[in-house]
Amino acid sequence: MIYICRKEHFNAAHKLYNPQWTEEKNIEVFGPCCNANWHGHNFELIVTVKGNPDPETGFVIDLKKLSKLIRANVIEKLDHKNLNVDVDFMLGKMASTEHLAIEIWKILDPLISAVSKAKLHCVTLYETPRNFVEYYGEE
C-alpha cells in the first residue's frame, strides 16, 4: 500500500455564526470570525489517495486525472466564493473548516473510486498555515 497526495489551492470567504445564539454569544465563541462582513482565507487542500501501483503504469492514480477531478468538482465550486452563500453543498451548514473537509470527502470519495482502483484516504484542509483539519471518512 502506498499513499499519494495532490495539493490544490483556493481562496474563499466565510463567517462562523450560529443563528440560534445571541450576537453576544457568537462574538464570545467565534470572535472576529463571526464578522458580519465575512473574512477570507487562502486554503490549501491536500487529497491523499491510497492503493497499490498499477504494474503497467507504476501509478496508484494518475495525478493529472486526480487534479482535474479535484479542480472540476471542488476547486471551481469554492474558489473566490463565499462558503456561507455561494456553495451549494455548504448551504445550511456551519461554514467551519471541519464541515468543509467532510463535504469535500463526500464529493471526492465516489468520484475517485469510479476512475481508479485507489481509495480516498484523507482530506487535509489548511485554513491558515497553522490551522488545519484532517478527515479520514469516519462520521
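Spelling out what I want: for every residue of the stretch 53-62, take phi, set θ = phi - 60°, compute 6.51 cos²θ - 1.76 cosθ + 1.60 (Karplus), and round to whole Hz; glycine and proline get x.
Going residue by residue, I get x, 5, x, 8, 9, x, 8, 6, 8, 5 Hz, with x marking Gly and Pro.
As an exercise, identify the GluC sites (Glu not before Pro) in the stretch 1-65 lying in DSSP coil whose Cβ has no more than 13 other Cβ atoms within 10 Å. Mind dumping the intermediate values first?
On the way: sites: 8, 23, 24, 28, 44, 56; in loops: 56.
Passing sites in the stretch 1-65 are 56.
Using only Cα atoms, find the angle between the long axis of helix 97-115 and the longest principal axis of the chain, and express it within 0 to 90 degrees, rounded to the nearest 10.
20
In whole Hz, what ³J(HN,Hα) sequence does the stretch 17-33 give by Karplus (6.51, -1.76, 1.60; θ = phi - 60°), x for Gly and Pro?
The phi angles translate into 7, 9, x, 7, 9, 6, 4, 4, 5, 4, 5, 4, 7, 9, x, x, 6 Hz.
What is the set of long-range amide H partners of residue 60 at a cut-off below 5 Å, with H atoms built 1.01 Å from backbone N?
It is 54, by chain and number.
Using a simple spin-label model with points 7 Å from Cα along the Cα→Cβ vector, what separation in nm is obtained for residue 82 and residue 131?
2.0
By a straight-distance test (C-alpha under 17 Å), which aspartates and glutamates pair with residue 81 as possible cross-link partners, with residues fewer than eight away in the same chain excluded?
Residue 81 reaches 8, 44, 103, 127.
If Lys and Arg each add +1 and Asp and Glu each add -1, what is the summed charge of the other residues whose beta carbon sits under 14 Å from the beta carbon of residue 127?
Details: positive: 15, 130; negative: 44, 98, 134.
Cβ neighbours under 14 Å give a net charge of -1.
Cut-off 10 angstrom, C-alpha nodes, Gaussian network model of the chain. Which of 38, 21, 105 fluctuates the most?
21
Which of the pairs 7/93; 7/50; 64/119; 25/93 have their Cα atoms more than 21 Å apart in this structure?
Numbers: 7/93 25 Å; 7/50 15 Å; 64/119 16 Å; 25/93 18 Å.
Pairs exceeding 21 Å: 7/93.
How much length is gained if the chain between residue 93 and residue 72 is pulled fully straight, taking 0.36 nm per residue apart and subtracting their Cα-Cα distance, in nm to one decimal? Before the final figure, lay out the partial values.
Values: separation 21, 0.36 × 21 = 7.56 nm, distance 2.21 nm.
Result: 5.4 nm gained on full extension.
Would you kindly state the longest site-free stretch of the chain, with sites defined as trypsin sites (Lys or Arg not before Pro) in a DSSP loop (not H, G, I, E, B) surrounded by at most 15 other Cβ atoms within 10 Å? Display every interim value, and only then the final one.
Numbers: sites that count: 93, 117, 130.
Longest gap between qualifying sites, sites excluded: 1-92.
Can you tell me the FRET efficiency between residue 56 and residue 109 if r is taken as the Cβ-Cβ distance and R0 is 22 Å, rounded to the nearest 0.05?
The pair residue 56/residue 109 has a calculated efficiency of 0.30.
Between rounded, prolate and oblate, where does the stretch 36-88 land on the alpha carbon gyration tensor, with a ≥ b ≥ c its root eigenvalues, rounded for a/c under 1.5, else prolate if a/b exceeds b/c? Mind showing how you got there, number by number?
Values: a/c = 4.27, a/b = 3.10, b/c = 1.38.
Verdict is prolate for the stretch 36-88.
In the neighborhood of residue 50, defined by Cβ-to-Cβ distances under 11 Å, what is the net charge if each Lys or Arg adds +1 and each Asp or Glu adds -1? The partial results should precede the final answer.
Values: positive: 117, 119; negative: none.
Residues close to residue 50 contribute a combined charge of +2.
As a check on your grasp of the helix formula, calculate [θ] at 222 nm for the chain: sum -39500 (n - 2.57) over DSSP H runs of n ≥ 4, divide by the residue count, round to the nearest 500. Provide the component values of the computation, followed by the final result.
On the way: 3 runs with 35 residues, N = 139.
After summing the helix terms and dividing by residue count, I get -8000 deg cm²/dmol.
For the stretch 82-95, just list the computed ³J(HN,Hα) in residue order, Karplus coefficients 6.51, -1.76 and 1.60, θ = phi - 60°, integers in Hz, with x standing in for Gly and Pro.
In residue order, the calculated couplings are 9, 4, 6, 10, 9, 10, 4, 7, 10, 4, x, 10, 4, 7 Hz.
Since every read-out is calculated from the coordinates, none of them should be taken as a lab result. Source: prediction; values computed, not measured. So basically every Cβ, Gly included, is an ideal-geometry build from the backbone, and we count neighbours across all protein chains shown.
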